[in-house]
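Before any comments, here is the structure.
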Ligand code: NAD
């Protein structure tokens, strides 16, 4: 079987070549994102493998159908970028990697919290310039704080376990309450109450029409002054304009984001020699209490190995006509 990879980075190539040795598949690694122009690269392959920001829209699916592609193996958990109705219309199956290392993302969310709460991003720069002054580096303890977790799926649960270890009080909102989390001491409350009571809010729900701009001017107004907001889920959970206003008014004490609303134009690219045209991310970067990482929360050795393994198992199940356990369909 020949599989075309889109948006390939060196770490994808390495992990798939390492994990793929026993499968006997032929891989074509393309750096290009999947789009209306690059879809032609899929010719001669039976399946394609795409990543979080590859838009799989109706036009692309129609072309893929024409090229004989029957399976799109997403090497990620989120699938908001795929038009599932159109995939069904063209008889193209979509499989994903539902969970690879929830701890990788949860630990990154905590890395953002710890960096911002103890200003280690500033300390790092100071010390490199022989500036050992600690003036202005006063932080806050995480111990004893109330943490609000929106979405207690695999990543949200891993996040709650870490928060428990730090000695936090944990509140959560999810459409489905989880018994394991309740046993851990997590208290489920309505969204408004979680937002109003928490010192730190971490987003772990998927991007859906219901959760788009979950954090907006109105929901920000429920929050305490100086609240910390962390988003490692999907950029559009946050209305960036509203969050910029909240940073300016000091409603938000700090903001840590690994995902951004318009990230598909920016993230995963080296733009260091270019002028950034995105006004909002440029504004965000001017705040001393904002930390942005470029969608790297998943990026650990352990997660990459598991992503490759599950993706290859998805492809094998499809090829052998077995049940495609990780298939996603239009509901
Ligand atoms: P999951 O499916 O295990 O859990 C999602 C949880 O959100 C579920 O418990 C679900 O009931 C809940 N939920 C759904 N709609 C909700 C709503 N309207 N309000 C509150 N809760 C709601 O998913 P996961 O593996 O925990 O991943 C969560 C998200 O993290 C993914 O959707 C993806 O967008 C993101 N993610 C980011 C990275 C990264 O590198 N930054 C990596 C993997 C996943």
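Structure notes:
- Relative contact order for the chain, counting Cα pairs under 8 Å that sit 6 or more residues apart, in percent: 18
- Peptides 142-150, 205-213 ranked from most to least packed give 142-150, 205-213, packing being the mean of other C-beta atoms within 10 angstrom over each peptide's residues.
- Label reach from residue 138 (point 7 Å along Cα→C-beta): in the stretch 91-128, amide nitrogens under 18 Å belong to 116-120, 122-123.
- Treating r as the C-beta distance of residue 322 and residue 166 and R0 as 41 Å, the FRET efficiency rounds to 0.45.
- Rg over Rh, two decimals, the stretch 262-317 (C-alpha only, Kirkwood Rh): 1.15
- In the chain, the C-alpha radius of gyration followed by the widest Cα-Cα span (Dmax) gives 21.0, 64 angstrom.
- For the stretch 1-92, projected area of the alpha-carbon convex hull averaged over all directions, nm²: 5.4
- Packing-based ranking, highest mean first, of 5-17, 126-138, 44-56, 21-33 given that Cβ atoms within 10 Å are counted: 44-56, 5-17, 21-33, 126-138
- Packing-based ranking, highest mean first, of 317-326, 108-117, 172-181 given that Cβ atoms within 10 Å are counted: 108-117, 172-181, 317-326
- Span from the the stretch 218-262 Cα centroid across to the the stretch 168-196 one, whole angstrom: 20
- Kirkwood's formula applied to the C-alpha pairs of the stretch 203-331 gives a hydrodynamic radius of 17.0 angstrom.
- Alpha carbon centroid spacing (whole Å) that separates the stretch 24-87 from the stretch 280-331: 15
- Dividing the summed helix terms, -39500 (n - 2.57) for each DSSP H run of n ≥ 4, by the number of residues in the chain produces a 222 nm estimate of -10500 deg cm²/dmol to the nearest 500.
- Distance in nm between pseudo-label sites at residue 217 and residue 329 (7 Å out along the Cβ direction from Cα): 4.3
- Full extension of the chain between residue 279 and residue 118 gives 55.2 nm of extra length, using 0.36 nm per residue less the Cα-Cα distance.
- Potential extension, residue 66-residue 36 segment - 0.36 nm per residue separation minus Cα distance: 9.5 nm
Read the figures in this text as sums done on the coordinates, not as results from a lab. As the structure is a prediction and not an experimental result, all values here were calculated from the model. In this analysis, Cβ positions are derived from the backbone assuming ideal geometry, glycine residues included, and neighbour counts consider all displayed protein chains.
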